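The values are calculated or read from the model by the stated rules, or taken from the named source; none is laboratory data. Small disclaimer: the values here were computed from a predicted structure and weren't measured. Note: ideal-geometry Cβ built from the backbone for every residue, glycine included; neighbour counts use all protein chains shown.
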């Protein structure tokens, strides 16, 4: 397979908003079919343990910063510092990932994040932790993520091959969200019972599981992908590759707006728990847990589908934004908490469909660079969005902050949907189904036929 400039100029399948990103008939597979592959099963089981620790540290980290400073802006700064390296260096990380073998790269990044968790635990348990320590730890994890995220995302295809990619990506998301059910609940118990330091320690030790899984894999069973040779212009080549494919660039644009303005939950949920409902760390964990229930449902539903559809992603983004607007006005803790489940489900639907569409629509030799751009926009938007969300929350209240995020997400979904429809030669048509109006996108020629029939 070519890894030079020809890879960037080779035509890729174009998609319409109502079409799968790759040709071929839609298929339904077993929900857990990719777990039959030994290497992926080892990877999956290791991530179960590590993801629980990651969510425990996220909850403990946000609560520790809020306890030390009393400021939602400080929580936003912590989130921003964790994702700032992705914004600054994400594209270069993708270039390196396309050159480097994925498994050794992941061994290095997982070990680096383990050390960070243990150091933060020692500082917290010894009583010497200060807010700048948390800031530094968040930034260090972000630096490791620059390589870890694109390597982990693109390594999935090497473990399972193209036939199981959709299922494996969905199960990865289900794995992460399953841990989100356990991690916040355990973190809440630890914070109230023995303190935040033990949550940091568990996270540091949890990386033993994925490291062991990577070491136990059989290299001969991996799907070989030719690595990109070292050369000039590879970053520019990756950007040109994405810019020439509307289904990639507009998916990334939508994910960028939603990730920057709609996914600032560490800021919103901690402030709702502490300032609006005055309910403490337990309610903060409850909000995260209920959101994880919805996210897990969304991931498992995606695992049942044979293909990712851009129209599903766009509809999910519009509903995600609309539900955030409703949640911003929720008068009671229990109504707000219940809304977390559908918000989580539609948020995960956006994530899985976008991730799968981009991976399946990208040449393997370019996947590291394209996935790094996707992750840079999705995660790197937090350094911009989190401080803004924190400032709006401190100045006008958390309800205003969540409402602004929801409105921007919904507007971005509508705009990108219309752009992709135009690029794909589609028009919005109204048809009547048993006396009820039904909206759908149809090709221009089909709309003309419907108009003549009417």
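When restricted to residues that are under 25 Å from residue 351 (Cα atoms) and out of contact with any helix residue (DSSP H, G or I) (no Cβ under 6 Å at 6 or more places or on another chain), segment 254-285 contains 2. Checked against the criterion of being in a helix (DSSP H, G or I), in contact with a strand residue (DSSP E or B) (Cβ under 7 Å, 6 or more places away or on another chain) and modelled with pLDDT under 75, the candidates 428, 450, 439 yield just one match: 450. A count restricted to segment 57-104 and to residues that are in a helix (DSSP H, G or I) and over 16 Å from residue 141 (Cβ atoms) stands at 20. Taken over segment 323-345, the residue count meeting the criterion of being surrounded by fewer than 18 Cβ atoms within 10 Å (Cβ to Cβ) and in a helix (DSSP H, G or I) is 6.
Cβ-Cβ distances below 9 Å connect the following pairs, each with a first residue in segment 107-118 that is touching a residue at least 12 places away in the same chain (Cβ under 8 Å), a second residue that is not in a helix (DSSP H, G or I), and a separation of six or more residues or different chains: 110/207; 111/207; 113/207; 114/207; 115/207; 117/207.
Return a yes/no flag: does segment 260-270 have any residue that is more than 25 Å from residue 175 (Cα to Cα) and at pLDDT below 85. No, segment 260-270 contains no residue that is more than 25 Å from residue 175 (Cα to Cα) and at pLDDT below 85.
Please verify whether residue 144 is in the same structural domain as residue 361 (by TED's automatic domain parsing) and either crowded, with 23+ Cβ neighbours inside 10 Å or within 28 Å of residue 342 (Cα to Cα) (or both), treating the condition exactly as stated. Steps first, please.
Working: in the same structural domain as residue 361 (by TED's automatic domain parsing): yes; either crowded, with 23+ Cβ neighbours inside 10 Å or within 28 Å of residue 342 (Cα to Cα) (or both): no.
Taking the combined requirement at face value, the residue does not satisfy it.
Residue 273 meets all of the listed conditions (1) modelled with pLDDT of 80 or more; (2) closer than 30 Å to residue 362 by Cβ; (3) buried (at least 24 other Cβ atoms within 10 Å of the Cβ) but one, namely (2).
Among residues that are in a helix (DSSP H, G or I) and over 23 Å from residue 213 (Cα atoms), residue 137 is included.
Note on segment 94-114: residues that are at pLDDT 90 or above and in contact with a helix residue (DSSP H, G or I) (Cβ under 7 Å, 6 or more places away or on another chain) total 10.
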